[in-house]
Each structure stands twice: as C-alpha cells, then as structure tokens.
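The values are calculated or read from the model by the stated rules, or taken from the named source; none is laboratory data. What you see is a predicted model, and the numbers here were worked out from it, not measured in a lab. Note: ideal-geometry Cβ built from the backbone for every residue, glycine included; neighbour counts use all protein chains shown.
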Amino acid sequence: MRKILIITYYWPPSGGSAVLRWLKFTKYFRDFGWEPVIYTPRNPEPQETDESLLKDVPGNLEIVRTHIFEPYGIYKWLTGRKQDEKLGVALISATKKQGFLNRISLWIRSNLFIPDPRVFWIKPSIRFISRYLQQNPVEVIISTGPPHSMHLIARGLKRKLGSRWLADFRDPWTNIDFFRDLPLTAIALRCHRKLELNVLREADHVITVSPGLTREFRSMGIEHVSTITNGFDEEPVNPAQAPGNRFTLVHLGSMPRSRNPQSLWQALSELVKDNKRFASRLEISLVGKTDHSVMDSLSQYGLQEYVIRQEYVPHDQTFSLLSQASALLLCINNTPNAKGILTNKFFEYLSTQRPILAIGPADGDVAAILTETEAGRIFEYQDVRGLKDHLLTLFELYSHNSLTSGRKHIARYSRKNLTCELAELLNKLTS
C-alpha cells in the first residue's frame, strides 16, 4: 500500500455534505492500492454532528489530529450566541434583521481572516506535519477545500519538503456564489485572488467536482486540472416506494437566498388554487438549513401550510427519506457560476428511482447529466409555465402509481468507480 496524507477540516463525527467526498474516497482507497492517512482538527467547529458517518471510516485508519484555534468562540460571545450553537453555512440567516455586531463580525471575518477563520491552523500544521512526515513518509499530500486554509497548509509543505501535492476544490474560491456578498475591501479581494492563483499554479495537480469549475480554472491558465465529480455509494438503496397519501416534494440540504425557487413557489401556488385534488395531496419537505427569504416566499405564495421543515437528518436516514418522495427538488444557485454547480445531493438523488425536478440553467452541468441519465427535468429560473405543466404530469403519474425515473449510465458516478478514477490519477502523479 502506498500512502497518501489527506488534509481535511471536515471529518466524522462532523456531518454535512462537506464530509462525504473524502470520507467516501477513503472508504474505497485500499481497494486500489492506496492507504490514506487523515489530518484533521481535534476541535473543529462543525456545521452539523452526524455519528452515523463513523461507520464508513475504514478500520485501523490512521487519523492525526491537532488542536485548532478559531475565532468563532469570540464571535458567539460578541453576538450573544450559545457556545454550542452551530453556525449556518454560507450566508444563510433564519431572520431578516442582522444586528450591528453581526455585520461587524462579518466584515472582520471577510477582511482580517484570509482566506478563512482557519488561517491560524496553517503555520502550526506545517510545523507539525513536517515532523510527522520525517518518520511517516507519504507519496502524495491531498488538500481539500473549502476551507481553503487546507490548501495553504499543503502549499507550505510542498515548499518546505518538495512533496507531491493534489489540490481538491469542492467549491470555487473567489467565484463561489456568496463571495460577492461579502463586505470585502479591495486589498482583501486582491489577497484572495493572489492566494487562489498561487495554489492553482503550485499544486502538482488540481481536481474539481464539476466540468464547469474545471473550465473556469483552465480559463485562468491552469492546464493541470481535471474533474472527478461527487457520487453515491454502490450499496443497495431502498427501492422506489409506492406513493403515500401525499404528493411530496423533497429538498435535501441547505437553501440559501440564491437557491430560493420563486418560479416553483408561484407554479405550486397557482396549482393549489386551481386544483383541489392537487392541493389536498401536496407536501413540501425542506430538510436542512433554510434562509428566511425562502420562508417569506412560501408565506407570500400561501404555501406555508404545506411545508414540513427539518434542520438536519443523519446521513444514514436520507436514502429512506428520498426514496419515499414523489419528486426530488434540486435548486441551483441563481448566480453567475450556476452552470458549473454540481452539488453532492444531486448524485445521491441519482441513486434513487425518484424523478428529479431541477431549476437552473438548461445548458449547465446538471442539465447534461439529467439528459444522460434520464433521471429528471430541468427548468430555467423563470419558467413558471414549464414547471406548472411538469408538476401536473408528475402528479398524474403519482396518482396512478407509475412515478419513477430513469437510471441510465449512472454506474460511472458510483463512489467506488470514482475512487478508481482518482487512484489512477494518483498513479500517474507518482510515476
């Protein structure tokens, strides 16, 4: 077994989509001749806690942990939050009003903690890992971000030790959807862009989760970049269930302002008013953190009585939830980088036999895979008429117990096949 060191901020029992990519790669690496070693904080600030993910950690896996200092404790104290409160992702807010201290804290976070609040872990980690690698050599160092401080740790190790380095981008850096909403000064913006370009240039290879993000990096002059998407486990999932008493639309994961599907709410509102049978069966299930703007829109369109909310569901329960849905909602951020967004949940949607109803660009990466797999339909952000007609079609299929979706060509997106692809890349990188 050849060894690799994976530098990741997120690791079980931390929960959420950020954990899954490298947890699942790690689960299958040994099948392809690679022994992973995990470097992760001893005391991270998790978005969620999910003990169910621990069962996917391979036996006898070496996990190296060190203490990390983060300013979140100070932030919680300043803003009157409880120390055990989990902070939202991106810029999701449960309430309209953000107090003065929240705005000041966001400005400090955006301009003083570059690239992110984990910046204080960079230098101690470089020192610690340098000593560790002297006694425990590895062939490749892998960093995964965000947080992008993980890339700066790996960059420091490459500069110091000459290590081979693979940088994994689960999301864009300066082109991420909420970046433009941060109160960045011109100096801070230049620092972010310089660091991003240095990481892309100095890494021996870069991988991304979508063709769109790969194209973005290539447009910046980076040629040593390729795409390895997220995926789904090969283990059998619950088969498609017979429809229940409700026509249930399920959205899994966070829904920030940029994903608020106004056209969908309008289409549903019109159907509820015009079709009593549809209204009597409709249920909208939102599983994950939801921005106040989404709830405001649902109230505006008179849909609040149809909504069921859950903050978080352990990952081992999501497949049962998804397989019992009538249709799975995929709302792509209405932002300039929308064409290249491929969320982790999209591939877990594919592993079910439930039709996917997506809202986003018709010429983006999601649209291409939906066409390839015949797993659902995508509609542009303002296509109320198209959404309304399709919802009626789905509802009629549901009423006749014939609501399923295609699953053509999905094997290539299994986690094990994707790990094989990654292992082959590592083989080339070390040959």
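Brief remarks follow.
- Comparison of Gln324, Gln317 shows that the only residue that is modelled with pLDDT under 95, over 26 Å from Glu396 (Cβ atoms) and out of contact with any Asp or Glu (no Cβ under 9 Å at 6 or more places or on another chain) is Gln317.
- From the options Pro12, Pro44, residue that is in a loop (DSSP other than H, G, I, E, B) and within 17 Å of His315 (Cβ to Cβ): Pro12
- Consider segment 389-412 and keep the residues that are touching a helix residue (DSSP H, G or I) at 6+ places or on another chain (Cβ under 8 Å) and at pLDDT 95 or above. The one that is farthest from Gly33 (Cα to Cα) is Leu392.
- Test set (1) touching a strand residue (DSSP E or B) at 6+ places or on another chain (Cβ under 6 Å); (2) not assigned by TED's automatic domain parsing to the domain that holds Asn333 - Val366 fails condition number: (2)
- Residue count for segment 158-186, restricted to those that are at pLDDT 95 or above and among the aliphatic types (A, V, I, L, M): 3
- Filtered residues of segment 27-37 (kept if hydrophobic (A, V, I, L, M, F, W, C) and surrounded by fewer than 21 Cβ atoms within 10 Å (Cβ to Cβ)): Phe32, Val37
- Taking segment 408-431 as the range and being more than 22 Å from the chain's Cα centre (by Cα) and not in a helix (DSSP H, G or I) as the test, the residues that pass are Lys408, His409, Thr430, Ser431.
- Taking the criterion of being over 15 Å from Ile332 (Cα atoms) and surrounded by 22 or more Cβ atoms within 10 Å (Cβ to Cβ), the residues of segment 250-281 that qualify are Ala267, Leu268.
- Test: residue in segment 389-404 that is touching a residue at least 24 places away in the same chain (Cβ under 8 Å), hydrophobic (A, V, I, L, M, F, W, C) and touching a Gly at 6+ places or on another chain (Cβ under 6 Å): no
- Exactly one residue out of Ser130, Ser143 is at pLDDT 95 or above, assigned to a helix (DSSP H, G or I), among the polar types (S, T, N, Q) and in contact with a Lys or Arg (Cβ under 9 Å, 6 or more places away or on another chain): that is Ser130.
Conditions (1) assigned to a loop (DSSP other than H, G, I, E, B); (2) crowded, with 20+ Cβ neighbours inside 10 Å; (3) at pLDDT below 95, marked per residue:
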{"site": "Lys3", "(1), (2), (3)": "no, no, no"}
{"site": "Lys24", "(1), (2), (3)": "no, yes, no"}
{"site": "Ile63", "(1), (2), (3)": "no, no, no"}
{"site": "Gly73", "(1), (2), (3)": "no, no, yes"}
{"site": "Ile92", "(1), (2), (3)": "yes, yes, yes"}
{"site": "Lys96", "(1), (2), (3)": "yes, no, yes"}
{"site": "Ile104", "(1), (2), (3)": "no, no, yes"}
